[in-house]
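In what follows, a structure is listed as structure tokens, so that the remarks can point back to it.
Just so it is clear, none of the values below were taken in a lab; they were calculated from the coordinates. A quick note: this is a predicted structure, and the numbers were derived from the prediction, not measured. Reconstructed Cβ throughout: ideal geometry from the backbone, glycine too, with neighbour counts over all protein chains shown.
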């Protein structure tokens with residue numbers, strides 16, 4: 001079987017299709033003696049007679065008739081593999097796997113993915129929302145092509161692409177006295193009931209560090225995992241929260257207000273990461289380019305609204 005090759009199979013199918021050695025040789029752009037050699041080698045390799053031939057006619061044997069559809073299917077599959085490979089190389093087809101922090105998954109990523117899919121219908125994008133440490137782990141383990149998040153410590157095994165800068169804002173009911181104050185300072189939140197994210201999230205780490213910089217170590221009144229829960233609890237009047245501007249939609253804030261907080265350290269850089277030394281597929285490269293472009297527009301919108 002080591003001598004079986006693609007040319008042998010193509011030669012057999014050409015003869016079956018044309019019913020003639022001369023026409024088959026012309027189809028394959030080879031000489032008739034060369035075609036005869038290829039058929040003989042194929043029969044020797046398989047150990048069966050595929051064709052009955054004389055000086056005038058060629059007939060496919062019973063075994064050849066049974067093998068013909070199998071061989072044709074193999075050639076179609078191989079052609080499909082070649083076509084698929086070319087589409088993968090061209091970035092027309094493929095799968096892009098992402099891991100991202102929940103705050104990035106809430107607003108910006110769905111919009112960018114939706115726009116990308118319209119332009120690249122042959123590419124599938126998968127997304128997992130996980131905490132920042134988990135994002136980095138999945139990228140390092142090559143479980144995903146790209147990770148999106150905010151990371152304080154990124155080692156040399158990770159390559160970083162900046163996306164946009166996000167500012168934390170205080171969210172509160174409209175009736176809160178603080179809702180009418182501008183600007184809001186971080187120390188203005190001391191003593192208020194705080195609704196904060198889980199300690200394992202990058203958002204909570206950012207908020208804790210900012211409070212610690214003014215000598216305050218917050219004890220949240222409520223501690224939740226999902227930002228939708230935070231907004232619901234704030235709307236119920238249970239306290240105030242610090243949330244990233246990238247996740248705040250006008251519809252979500254009906255009955256609430258958000259204010260920029262005048263305090264250094266409450267800004268985070270959202271980046272895309274992939275493993276250093278690992279070449280991204282053409283599909284992943286195309287998505288990363290779309291991600292950067294989409295986040296530029298998104299970041300501009302955030303900057304324009306950051307003063308309110």
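Taking only the alpha carbons of region 102-156, we obtain Rg and Dmax values of 12.5, 36 Å in that order. Considering the chain as a Gaussian network with a 10 Å cut-off on Cα pairs, which listed residue, 173, 199, 264, attains the greatest mean-square fluctuation? Checking each option, the largest mean-square fluctuation is seen for 264.
Among 174, 128, the order by Cβ neighbours within 10 angstrom, fewest to most, reads 174, 128. Within the chain, DSSP assigns beta bridges of which about 60% are antiparallel (rounded to the nearest 5).
For region 193-239, the square roots of the Cα gyration tensor eigenvalues, ordered a ≥ b ≥ c, give a/c of at least 1.5 with a/b no greater than b/c, which places it in the oblate category.
The equivalent ellipsoid of the chain has semi-axes of 67, 17, 15 Å, largest first, where each one is the square root of 5 times an eigenvalue of the Cα gyration tensor. Between helix 32-46 and the chain there is an angle of about 70 degrees, using the helix long axis and the longest principal axis of the Cα atoms. Between helix 108-119 and the chain, what is the angle of the helix's C-alpha long axis to the longest principal axis, kept within 0 to 90° and rounded to the nearest 10? It works out to around 30 degrees. Between residue 7 and residue 126, full extension at 0.36 nm per residue minus the direct alpha carbon distance yields a gain of 38.9 nm. Measuring how big region 166-267 is from its alpha-carbon positions, Rg and Dmax come out at 12.1, 35 Å.
Only Cα pairs under 8 Å and 6+ residues apart enter the sum, and on that basis the relative contact order of region 166-267 stands at 52 percent. Per-residue Cβ neighbour counts within 10 Å put 259, 235, 62 in the sequence 62, 235, 259, beginning with the fewest. Between the helical axis of 62-90 and the longest alpha-carbon principal axis of the chain there is an angle of about 30 degrees. Full extension of the segment from residue 34 to residue 137, taken as 0.36 nm per residue of separation minus the current Cα-Cα distance, would add 31.4 nm.
For region 6-90, the average shadow cast by the Cα convex hull is 5.9 nm², which is a quarter of the hull's surface. Across the chain, the relative contact order, built from alpha-carbon pairs under 8 Å that are at least six residues apart, equals 21 percent.
Here the residues 12, 116, ranked from fewest to most Cβ neighbours within 10 Å of their Cβ, fall in the order 116, 12.
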